[in-house]
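Have a look at the structure below before the remarks.
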């Protein structure tokens, strides 16, 4: 193992958006067994510290690779198109209008049925955005467009959290 390897190299998987979750899970377990500090107990404290660093590195890589948004963000960064979500919130006008409509629907929602309808719309939007990322990254290699899609997906994810909060409020 090399500390300068990408997460994909570390996990011995292709540097693509589409990943097999079961393969990632299996590789994570294998890597954790290899780097577990207890395996280095006879080699002393320094070897155990290095093993612990590797264990942390493996866990960080696993967290990035198993999450579609983190994985796409990582791929965009590796390919010269960082997300810069904290200072680049530009979105297409039609996307922003749709967000406004969803927000208005959420404010007006007074029943589980209304929340459920909105939740289903948001899940469908999320699925479309993830499918778009698969196409933009793996098929087209268009990382700048993928970065824009990721920022939109981040909005969708935050809105999904708002739906759950509203659902909890209605349930109380």
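Each reported figure results from applying straightforward, stated rules to the coordinates on display, with no laboratory input. These figures come from a predicted structure and were not determined experimentally. Cβ: placed from backbone, ideal geometry, glycine included. Neighbour counts: every protein chain shown.
For the stretch 16-172, the relative contact order works out to 27 percent when only alpha carbon pairs closer than 8 Å and six or more residues apart are counted.
When all alpha carbon pairs of the stretch 93-171 are counted in 10 Å bins from zero, the resulting P(r) reads 18, 46, 25, 10, 1 %. Given in Å, the Rg to one decimal and the Dmax to the nearest whole number for the Cα atoms of the chain are 20.2, 64. The long axis of helix 68-78 is offset from the longest Cα principal axis of the chain by roughly 70 degrees. When the alpha carbon coordinates of the stretch 7-66 are projected onto the principal axes, the ranges are 40, 15, 15 Å, largest first. Could you tell me how many degrees, from 0 to 90 and to the nearest 10, lie between the Cα long axis of helix 112-134 and the main elongation axis, the longest principal axis, of the Cα atoms of the chain? With rounding to tens, the tilt is 50 degrees.
Gain in length, residue 84 to residue 26, computed as 0.36 nm per residue apart minus the alpha-carbon separation, to one decimal in nm? Before the final figure, lay out the partial values.
Details: separation 58, 0.36 × 58 = 20.88 nm, distance 3.17 nm.
The span from residue 84 to residue 26 would gain 17.7 nm if fully extended.
Take the Cα of residue 39, go 7 Å toward its beta carbon, and the backbone nitrogen atoms of the stretch 1-28 under 19 Å from that spot belong to 1-13, 23-28. Calculated translational diffusion coefficient of the stretch 53-94 (4 °C, 1.567 mPa s; Stokes-Einstein with Kirkwood radius over alpha-carbon pairs) equals 109 µm²/s.
Length available on full extension from residue 100 to residue 135: 0.36 nm per residue minus the Cα-Cα distance, which gives 9.9 nm.
Quote the relative contact order of the stretch 1-58 in percent (integer), defining contacts as alpha-carbon pairs under 8 Å separated by 6+ residues. Display every interim value, and only then the final one.
Details: 33 pairs, mean separation 16.0, N = 58.
28 percent.
For n ≥ 4 DSSP H runs only, could you compute -39500 (n - 2.57) per run for the chain, divide by its residues and tell me the 222 nm figure to the nearest 500? If you can, show how the numbers build up before the last one.
Working: 7 runs with 121 residues, N = 172.
Result for the chain: -23500 deg cm²/dmol, rounded to the nearest 500.
Comparing 131, 111, 55 in a Gaussian network model of the chain, where Cα atoms under 10 Å apart are tied by springs, the biggest mean-square fluctuation is seen for 111. Compute the helix-to-body angle for 143-171: its Cα long axis versus the longest principal axis of the chain, expressed 0 to 90° and rounded to tens. Roughly 70 degrees, rounded to the nearest 10.
For residue 49 and residue 128, FRET efficiency with R0 = 41 Å and r from the beta-carbon atoms, rounded to 0.05?
Working: r = 46 Å, r/R0 = 1.12.
The formula returns an efficiency of 0.35 here.
Placing pseudo-labels 7 Å out from each Cα toward the beta carbon at residue 157 and residue 2 gives an inter-label distance of 3.0 nm.
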